[in-house]
Amino acid sequence: MTCSDIINLVALIVIPILAVIVAHMMQTNSDKRKDKMQIFKILMTARIYGSTTDSIHALNLIDVVFARDKPVRTAWKNLLDAYSSAEQSDLMKKKRQELMYKLLEAMAANLGYQKEITWETIQNPYVPEWLVSQWQEQTKSQQTYNSVLAAVANAIPKSGQSTEESK
């Protein structure tokens, strides 16, 4: 066997192995990016609708999916600390919203969108007027329903009271 035969033999064995390793690494990176993008999209949507089951799930996956991204994990920790506070003032609500926006900003940077998805973009979601009107109508309907239920509950004698005692 000549030197070139040995090189060819090694190349025939090593190159396919390297190709499989590189393909696996590329697939793993692609899957990680998809997971990050899915969380980012869910949380961007939550700017409009508020917390949903999906957004809570997404927030709870940050530590796993963004495990190696310190800025995202720090932003998430700050937001989690604010969520963990029992304070319900308007100032705290505003702080939570701002911390959510900072988390989204850190995620956008991690995904390579720091120039395309800016602080202004994050703070200004599109919410059409018809949707706001629909939400207001649903709120009014729910309040009316609750009032009717309360009135019915008050009209029914409490257990243990006779009808004469309630008069």
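Can you give me the angle between helix 90-110 and the longest principal axis of the chain, using Cα atoms only, in degrees from 0 to 90, rounded to the nearest 10? Helix 90-110 sits roughly 20 degrees off the main axis of the chain.
Calculated FRET efficiency, Ala153 to Val132, Cβ-Cβ distance, R0 = 35 Å: about 0.65 to the nearest 0.05. Report note on the peptides 89-99, 62-72, 129-139: ranked by the mean count of other C-beta atoms within 10 Å, highest first, their order is 62-72, 89-99, 129-139. The C-alpha radius of gyration of the chain, expressed as a fraction of 2.2 N^0.38 Å, stands at 1.81. With 31 Å as the limit, the listed pairs Lys115/Lys140; Lys77/Lys115; Lys34/Lys140; Lys32/Lys77; Lys70/Lys95; Lys32/Lys102 have Lys115/Lys140; Lys34/Lys140 beyond it between alpha carbons. Kirkwood Rh over Cα pairs of the stretch 74-137 into Stokes-Einstein at 4 °C, 1.567 mPa s: D in µm²/s? Translational D for this selection: 97 µm²/s.
The distance between label points at His24 and Ile6 comes to 2.8 nm (points 7 Å beyond Cα on the Cα→Cβ vector).
Bear in mind these aren't lab numbers, they're just calculated from the coordinates by the rules spelled out. Please read these numbers as outputs of a predicted model, since none were measured by experiment. FYI the Cβ positions are ideal-geometry reconstructions off the backbone, even for glycines, and counts take in every protein chain you see.
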